[in-house]
Amino acid sequence: MNAEGLLENSGGRGLPEPLPAGERVLWQGSPRWQTLWRRAFHARGMAIYFGLIVAWCAISSISKGTPVEAIAISTAKLTGLSLVPIALGALAPLVMLGFVALTVLSFGVPAVTLVFWVVQGHSAGQGLERVLPALGNSIGYALPGAALTTICAIPLVIATTHYRGRFAMLCDRLPYIVHGLPGIVVALAAVAAAIGFLPAVYQTTGLVLLVYVVLFLPLAQSSVRASAELVPRELSDVARSLGKSPFQAFWLTTLPNLLPGIGAALALTALQLMRELTATLLLAPAGVVTLATEFWNYTSDRAYGAAAPFAAMLVLISGIPVYIFTLRTLRLNDTR
């Protein structure tokens, strides 16, 4: 007998047959599926459990330098989702208009705000003579810092991708732990160490560059690793079999294939160092000013008009590499 017939014959839900004469149902109920799902199957705990698994996998992949696209695909597979393209149809113009509006707002609001403070700010025109010296010092610290950071990242990446071991993995993971600390903590630790053990290096360019390496080494590692993982170890083995020394094998086979990642590491690290504030403010020699420190000085005094040129210069310098990388990415996508 089907469910509908059961209900018709019994006169009530869940009763196999009609009630005897003189009897009636006083109360009848059934569990709510939401309550059953929460209490019997512990839905909230299971959701948190699987959410932590997905987050751990994503963080582990990011720390290994895995591309964002690969992380998204693996996360979708882990959660049972599939990446299925859906045709927008008549909604395509509205979606494109939304992206255009987002782009205009993203670039327009900061640009209009900077122009407003430059023109209308009560402190507009102050400190303009310090823009070029600050720009020169910012470039003078950012480029050597990016180069030194990238040079330190290369052997760490090669050790973990070609010569795996516990010590190599420890050396590779340690910079990420330091990178998670606030910059002010690392800078104050460097100040205390320099004053306590090597007073001669306090407020020197060398100490500033060393702290830059400590703070931003993971950025360079991630970029270089993206290229290093594509280089087969057999290339250097073949070079060694042809009589090349280990350094010659690295120089001739591995290094040329690392150049895209090295270029990305230099660009990303230099951009970060251009706007770095805490280490530069605490450790730079007396009288040295950068775009970030001058912007901080003027905004601390609420002189937003005077700070606007320094902010505009930072935006301009950051925008040029982003524009170049975007064009390069679009060209690569067109060739595929």
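Counting every other Cβ atom within 10 Å of each residue's Cβ, Asp172, Asp237 order from fewest to most as Asp237, Asp172. What the phi angles of segment 36-48 give under the Karplus curve with 6.51, -1.76 and 1.60, with θ = phi - 60°, is a coupling list of 4, 5, 6, 8, 7, 9, 6, 4, 5, x, 5, 5, 5 Hz, glycine and proline written as x.
All of the numbers you see were taken from the coordinates with simple rules; none came from a lab. Predicted, not measured: the structure shown is a model, and the values here were computed from it. Neighbour counts are summed over all protein chains in view; Cβ atoms, including those assigned to glycine, are modelled from backbone coordinates with ideal geometry.
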